[in-house]
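Let me begin by presenting the structure, written as structure tokens, before commenting on it.
Only the coordinates and a few stated rules stand behind these numbers; no lab work does. Because the structure is a prediction, the values reported are computed rather than measured. Here the Cβ positions follow ideal geometry from the backbone for every residue, glycine too, while neighbour counts run over all protein chains shown.
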Amino acid sequence: GMTYKLIQLMGMNIVKDEDRDDPINRSRLWLRDDVLDVLSEDKETKTVKAIVLQLPEPEDMHIGPDAFTKMKNLKLLILLNVDNSIQGPIHLPNGLRWFEWPNCGSTLEFSHGPKKLVGLDMWNSKIKGAPRHFKDLQNLKFINFSSCQSLVCTPNLDGTPNLKKLDLSWCKNLKRVHELVAYHGKLQFLNLHSCSKLHHFPDVLRTKNLLFLNLDCCSKLQRFPDILDKIKGLRRLSLTGTSIEELPASIENLVSLKDIDLSHCKKLAILPPSIYKLENLGYLNLSNCSKLMKSRVSRESFMFSSLISLDVSGCHQLKEILKIPRKLHALKAIDCKSLSKIPSDIHHVEYAYLPLCPKLVNNGSTMNDLVNLE
């Protein structure tokens, strides 16, 4: 708000007072001409700690390979709408804490030795992989490589033991997820949304601290990994539009799942019986799983004790719904061409919507007499 802007302006004025004549002696730089002046000077500075350059439209700049390593105390570097006209790698100082350069066309290199980097944000860049010497990154918590179209494999996370968030969404040419991603002890957030060429995901998922996993629209992905140990933090699993044919029995180890979205999984034919043991599952979306025929479950099986919403619309081969979970509040089964049988206790479902199910009859009456179809 206004208070923040006033504080920001006061801070800018203090910085300008540091040295009105020479920006190289200021701790923070955000004006285009000041940044250009400092980048063009071929001398070291220990004063500059932050460069934040947000240009209104893309502009070419001359950034030499050692432009930033000359700034011995540089901690924050944000470059928006900046293109580098000089070819070749850019060296980053090991003391840098936050690096943000979307649309970056340059390759990057660190030096050997421990780094202090906490955040690395390079979405929509031309990078083919992580910067050179991408190790000794004990403090790194956040990586954003989303929409990096030249990225083929995920970075090796061996040198980033404390990473919490990895965003690789919309990396259209990403084909493989490195094995170490699935074994990472601290990773909480993994986003692979719309990685449409991704076909290899590790066979086993051991990220015990995972809170968020998005594999939506990974249309080439055929297999979901085994979960050998209980993962207690993952609340939502999103697999929309994948080519997964079946879920592993070990899905039951995702003990805290509240929401599973399997919509548009055109090859999914069967659900494992263990999925019914997910005691916290409230929402299950199976809409447009056109091959889904049945679930391996008997009428007596333990079944979705917390499920309140089930959507099986467009499941053209589904012939019957065996049992209504006792807490179910909403059932959608639109255009289920083969559905001919549902349990009599569907009356307990407050919102049951089953239009365009031509085979659905009950004791000679159509379902229109039994369920509100409006």
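What FRET efficiency do you get for Ser305 and Ile334 if R0 is 25 Å and r is their Cβ-Cβ distance, rounded to the nearest 0.05? Each step should come with its number before you reach the end.
Numbers: r = 26 Å, r/R0 = 1.03.
Efficiency at R0 = 25 Å is approximately 0.45.
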### Message
Through the Karplus equation 6.51 cos²θ - 1.76 cosθ + 1.60, θ set to phi - 60°, convert the phi angles of region 107-119 into ³J(HN,Hα) values in whole Hz; use x for Gly and Pro.
### Response
8, 10, 9, 9, 8, 5, x, x, 10, 9, 4, 9, x
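In debye, nearest 20, what is the charge dipole magnitude of region 184-287 about its Cα centre with +1 on Lys and Arg Cβ and -1 on Asp and Glu Cβ, if you could check? Walk me through the numbers on the way to the answer.
Values: 14 positive and 10 negative charges, 54 e Å.
Dipole about the Cα centre, nearest 20: 260 debye.
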### Query
Along the positive direction of the dipole of region 142-298 (beta-carbon charges: Lys, Arg +1; Asp, Glu -1; about the Cα centre), which of Val152, Cys289, Val177 reaches farthest?
Cys289
### Query
If you put +1 on each Lys and Arg Cβ and -1 on each Asp and Glu Cβ, how big is the dipole of region 106-265 around its Cα centre, in Debye rounded to 20?
500
### Message
If I model a spin label at Val52 and Lys266 as a point 7 Å from the Cα along the Cα→Cβ vector, what separation in nanometres do I get?
### Response
4.7
### Query
Using the count of nearby Cβ atoms within 10 Å as a rough guide to exposure, how do Lys327, Lys277 rank from fewest to most?
Lys327, Lys277
### Message
Please compute the length gained on full extension between Lys341 and His112, using 0.36 nm multiplied by the number of residues separating them and subtracting their Cα-Cα distance.
### Response
75.8 nm
### Query
What is the Cα centroid distance between region 210-270 and region 301-323, reported in whole angstrom?
17
### Query
Roughly speaking, what is the stretch gain from Glu245 to Lys232, that is 0.36 nm per residue apart minus the C-alpha to C-alpha distance, in nm to one decimal?
2.2 nm
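Identify the trypsin sites (Lys or Arg not before Pro) of region 83-129 meeting these criteria: DSSP loop state and at most 14 other C-beta atoms within 10 Å of the C-beta.
On the way: sites: Arg97, Lys115, Lys116, Lys126, Lys128; in loops: Arg97, Lys115, Lys116, Lys126, Lys128.
Taking region 83-129 and a limit of 14 other Cβ atoms within 10 Å, the loop trypsin sites (Lys or Arg not before Pro) found are Lys126, Lys128.
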### Message
If I model a spin label at Asn139 and Val204 as a point 7 Å from the Cα along the Cα→Cβ vector, what separation in nanometres do I get?
### Response
3.4
### Task
Convert each backbone phi in region 184-200 into a coupling constant with the Karplus relation 6.51 cos²θ - 1.76 cosθ + 1.60 (shift: θ = phi - 60°), then list the ³J(HN,Hα) values in order as whole Hz, x for Gly and Pro.
5, x, 10, 4, 10, 10, 10, 10, 10, 3, 6, 7, 6, 9, 5, 10, 10
### Query
In terms of modelled amide H atoms, which long-range or inter-chain residues lie less than 5 Å from the amide H of Leu356?
Asp335
